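Single-structure report; data block below.
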Amino acid sequence: METSLLQNKIAIVTGGSRGIGRAICLKLAELGAKVYVNYSSRADAAEEVVAEIKKNGGDATVVGFNVNDANAVETAIKGIVEQEKRIDILVNNAGISIDALLMRMSDDDWKKTVDVNLNGAFYCSKAVIKTMMKTGGTIINMSSVVGRMGNAGQTAYAASKAGLIGFTKSLAKEVASRGVRVNAIAPGFITTDMTNALPEEHREKLTQVIPLKRLGEAKDIADTVAFLASDSGSYITGQVIGVDGGMYM
């Protein structure tokens, strides 16, 4: 992709301070977008992402808010709109996973998972949608292969990520006529600090259920976000793009 592919675009990436979110921020900035790097608790990590972007010649700003706090979301995004006059790209990437068998899952853990993963995308999308309907734009929701195929011990996580798929398709139908595209990405097993800490035996078991026989990289997700956010994806909306090495077919 050309380095100017997203020139002068304004992007917000929730949960952009580490992991997949960090890779997405770096990629969008590399392609010319001004990136607002969202964080909820690790301001230092978000600042590091911004510093790296600026070191590479890009433009980025830190913006702190909890995605599951409707008022905080609205205030932060209103401030960005007042500053930039538009928002071209929203990546609803912030998410958590609290794993437990259903019989052992607490009400609080269920609510917290849905609040961040599903309600967070709702609040952020609602906050940008009026602006996007005037100027055009794209929303990219981070679902999961688990939201498509399920996984024992992840009822809350799977439900929230499956909910994102229905949310994506419905919103896409609502706003397509106004030049706004809405898509979801469903990552599979991606290399992270957590998977790197696993014993080699466990990592090997993970790869055995992946047809391509390897874990994905955060870059794989970031590249897909960049494609969907650019004019290369201009005729794609309401879709779920699996980036999972073939786990779900």
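Derivation of every value follows stated rules applied to the coordinates shown; laboratory data play no part. Please read these numbers as outputs of a predicted model, since none were measured by experiment. Positions of Cβ are backbone-derived with ideal geometry, glycine not excepted, and every protein chain shown enters the neighbour counts.
Details
- Degrees separating the helix 70-84 axis from the principal Cα axis of the chain, which is the longest one: 40 degrees
- Dipole-positive endmost among V67, I80, N56 within the chain (Cβ charges, Cα centre): I80
- Distant-in-sequence amide H partners of I12 (H built 1.01 Å from N, under 5 Å): Y36, I89, L90, V91
- The angle separating the long axis of helix 120-135 from the principal Cα axis of greatest extent in the chain is about 30 degrees.
- Lysines whose Cα lies under 25 Å from that of K213, excluding same-chain neighbours fewer than 8 positions away: K161, K205
- Taking amide H atoms as placed 1.01 Å from N in the peptide plane, the amide H of D59 lies under 5 Å from those of V35, each 5 or more residues away in sequence or on another chain.
- Evaluated at q = 0.09, 0.11, 0.21 Å⁻¹, a Debye calculation over the C-alpha positions of the range 70-195 (equal weights, vacuum) places log10 I(q)/I(0) at -0.28, -0.41, -1.16.
- Taking amide H as placed 1.01 Å from N in the peptide plane, the amide H of V182 sits under 5 Å from that of I139, G238, each at least 5 places away or on another chain.
- If only the Cβ of Lys and Arg carry +1 and only the Cβ of Asp and Glu carry -1, the dipole of the range 138-249 around its Cα centre is close to 400 debye.
- Greater than 20 Å apart at Cα, pairs in K173/K219; K34/K78; K78/K169: K173/K219; K78/K169
- Helix 155-175 vs. the chain, principal-axis angle (Cα, 0 to 90°, nearest 10): 30 degrees
- Charges were assigned to the Cβ only: +1 to each Lys and Arg, -1 to each Asp and Glu. The resulting dipole of the chain about its Cα centre is roughly 680 debye.
- Ratio of the Cα radius of gyration of the range 139-196 to 2.2 N^0.38 Å, where N counts its residues: 1.30
- log₁₀ of I(q)/I(0) at q = 0.11, 0.15 Å⁻¹ - the chain, Debye sum with one point per alpha carbon: -0.55, -1.05
- Farthest toward the positive end of the dipole of the chain, out of L118, L102, L212, is the Cα of L118, where the dipole comes from beta carbon charges about the Cα centre.
- In order along the range 141-153, phi translates into HN-Hα couplings of 9, 8, 8, 6, 4, 5, x, 9, 10, x, 6, 4, x Hz, rounded to whole numbers, per the Karplus curve 6.51 cos²θ - 1.76 cosθ + 1.60 with θ = phi - 60° and x for Gly and Pro.
- Per DSSP, loop trypsin sites (Lys or Arg not before Pro) in the range 2-97 with at most 14 further Cβ within 10 Å: R42, K85
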